[in-house]
Amino acid sequence: MNYHSLPGHDCAICAVSSAISRVRACPGKLSQWFDSNAQGMAPLFPRLLLAYEFGEAGLEKLNGDNWFADLTFPFPISLLPADVSWTLATGLEIIAPVALVLGFATRFFSLALMLLTVVAIAAVHWPAEWHSLAELWKGYAITDQGYGNYKLPLMYLLMLCSLLLSGSGRLSVDFRLKSLSIADKIIHNQTKCKGEICTKNT
């Protein structure tokens, strides 16, 4: 007797095949849903994290004493008095987090914080001296064990670079302003076209 020709057996094969097809289609459908609904939300998370970290540092400076006089800054920051450098860093670390949370001028403030982070790495977190790449790699750490501790600022630098390249995303003031600007241009072009048609008709 040929069991493969039984109707029940064929139905079972069809059900299994259909189930496999649905499972295989799930990643594609999930990807399409994220592309349609959540693609522009990715920058929100680094924006909030960076806003918290830099905001915390700014408030500590605002309520603390100036310790920049004890540091050696790279050129041309070294030309500025310690009080001026302290004020600029404190102001940026307070204003920029607010802008990042709102998603306002995100690329500008990301670039400004990148420059601040590079200066901080050079003046505070970079090892005083190193003689090999292996020694330099030991500085990729949270706490300084005599080889520097540039791990966290390097991570912040890469996240800021990501925001500089991608922008602030949909949940931001930047996106809203861009949408309004595009709408104004469309209205302006439509008005201009209607004016040209009317001029030709007259």
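The values are calculated or read from the model by the stated rules, or taken from the named source; none is laboratory data. Because the structure is a prediction, the values reported are computed rather than measured. Note that we place each Cβ from the backbone using ideal geometry, even for glycine, and neighbour counts take in every protein chain shown.
One table, with the values for the structure above:
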{"read-out": "Among the residues listed as Ala141, Ala105, the single one being in the same structural domain as Leu48 (by TED's automatic domain parsing), in contact (Cβ under 8 Å) with a residue 60 or more places away in the chain and among the aliphatic types (A, V, I, L, M)", "value": "Ala105"}
{"read-out": "Enumeration of residues in the stretch 140-169 that are outside any helix (DSSP H, G or I), surrounded by fewer than 18 Cβ atoms within 10 Å (Cβ to Cβ) and on the phi < 0 side of the Ramachandran plot", "value": "Tyr140, Ala141, Ile142, Thr143, Asp144, Gln145"}
{"read-out": "Residue count for the stretch 93-117, restricted to those that are crowded, with 19+ Cβ neighbours inside 10 Å and farther than 21 Å from Leu177 by Cβ", "value": "3"}
{"read-out": "Test: residue in the stretch 23-30 that is of a type in the set (Val, Ile, Thr) and over 21 Å from Leu113 (Cβ atoms)", "value": "yes"}
{"read-out": "Counted residues, the stretch 156-186 - those being over 13 Å from the mean Cα position of the chain (by Cα) and either within 20 Å of Glu53 (Cα to Cα) or not basic (Lys, Arg) (or both)", "value": "11"}
{"read-out": "Selected residue (only one of Ala69, Ala57 is assigned to a helix (DSSP H, G or I) and either farther than 15 Å from Ala123 by Cα or polar (S, T, N, Q) (or both))", "value": "Ala57"}
{"read-out": "Check on Thr90, surrounded by 16 or more Cβ atoms within 10 Å (Cβ to Cβ), without any contact (Cβ under 8 Å) to a residue 60 or more places away in the chain and among the hydroxyl-bearing types (Ser, Thr, Tyr)", "value": "yes"}
